[in-house]
DNA sequence: CTTTACTGCGACATCAGTGTTGCAGTTATC
DNA sequence: GATAACTGCAACACTGATGTCGCAGTAAAG
């Protein structure tokens, strides 16, 4: 709480006036991230936009969210079942999109959707935190390009 | 310390007989991971084996290390300058290998070595922890394939 | 000018985690 | 059988983080 207050530039007492305790503060932060992530999923139109468009919009939107809320929402599991369920629902939407991308042939035949999903998360997280100065549209370009083509020479 | 002791199946007192304090235990664990990682780097022969062979050997070797020591050695930064320097040296070896892979054309022209390095780390970490039952040779196959080809259909 | 709203500060109480100690029990060695 | 080595257990002291409280100061509103 002291570290969070210092980072926010306020006194610990002020934090406690807004949040009853540390758990309440964490819950509020998780909710804020879930809100932002949900907005990105909605705006990406994962189920109706063309797959390439939806993918790019999703990545471009989620990179700033990941940067603003650099916390792993999976850690909410045991403390807030409601938030956990909400996170699971959002994750399911993304996994369904990956499946759709496979179904329409956007991802190659033989692609394991589970692995494709994990890799997308990893690439987003990496670009967001290891290249913090890269702006979201360019970060999305990089992630999508790497995601589809890898690093091998073209026309291998 | 209580959680570590419980996970190890021993009493806290036994931990304290071996390690003066929590910091000493952490240092020992970091050293063990650095030792294992160094062995993998040595055996991969990153500077003399053919690039595809070296890459596969490295990934196949580092996946079990990452599983056995699931801790981020970057967190040693401020507590143990010696271990931090050792970690930096190992990281430099891997980055030099990525550069070599670019130089010989194994990675496509225009590849950003820094990004290629970050993505390799991310893929290894993902396969190690999100697919814990996958054996190392097969995990290495998957990582290298994804790394080079991505998920787009072949012959795009 | 008074009141309201808000904040920072310092002091305090509580608690969880770490580190220490003494003792009893177990196993292996001599 | 005695000794050494090792361990688990419980109790204790200490420390840092959290949460609470009272008070003084500041700014905005009436």
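The values are calculated or read from the model by the stated rules, or taken from the named source; none is laboratory data. Fair warning: this is a prediction, and the values are worked out from it, not measured in the lab. Reconstructed Cβ throughout: ideal geometry from the backbone, glycine too, with neighbour counts over all protein chains shown.
Okay, here's what the table says:
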| item | result |
| --- | --- |
| Meets criteria (closer than 28 Å to residue B:152 by Cβ and in contact with a helix residue (DSSP H, G or I) (Cβ under 7 Å, 6 or more places away or on another chain)) for residue A:48 | no |
| Matching option when the condition is at the interface with another protein chain (Cβ under 9 Å from one of its Cβ atoms) and closer than 20 Å to residue A:127 by Cα, among B:72, B:121 | B:121 |
| Selected residue (criterion: farthest from the chain's Cα centre (by Cα)) from residues of region B:5-28 that are surrounded by 15 or more Cβ atoms within 10 Å (Cβ to Cβ) and more than 12 Å from DNA strand D (Cβ to nearest atom) | B:25 |
| Residue pairs meeting the criteria (Cβ under 7 Å; at least 6 apart or on separate chains; first closer than 24 Å to residue B:81 by Cβ, in region B:11-24; second more than 8 Å from DNA strand C (Cβ to nearest atom)) | B:19/B:28; B:23/B:79 |
| Filter result for residue A:53 (within 27 Å of residue A:148 (Cβ to Cβ), crowded, with 18+ Cβ neighbours inside 10 Å and either modelled with pLDDT of 95 or more or touching a strand residue (DSSP E or B) at 6+ places or on another chain (Cβ under 6 Å) (or both)) | no |
| Members of region B:124-136 found to be touching a residue at least 60 places away in the same chain (Cβ under 8 Å) and either at the interface with chain A (Cβ under 9 Å from one of its Cβ atoms) or touching a strand residue (DSSP E or B) at 6+ places or on another chain (Cβ under 6 Å) (or both), listed by number | B:127 |
| Residue match in region A:74-85 (condition: buried (at least 16 other Cβ atoms within 10 Å of the Cβ), in contact (Cβ under 8 Å) with a residue 24 or more places away in the chain and closer than 23 Å to residue A:139 by Cβ) | no |
| Members of region A:89-111 found to be surrounded by fewer than 16 Cβ atoms within 10 Å (Cβ to Cβ) and either modelled with pLDDT under 95 or not in a helix (DSSP H, G or I) (or both), listed by number | A:104, A:105, A:109, A:110 |
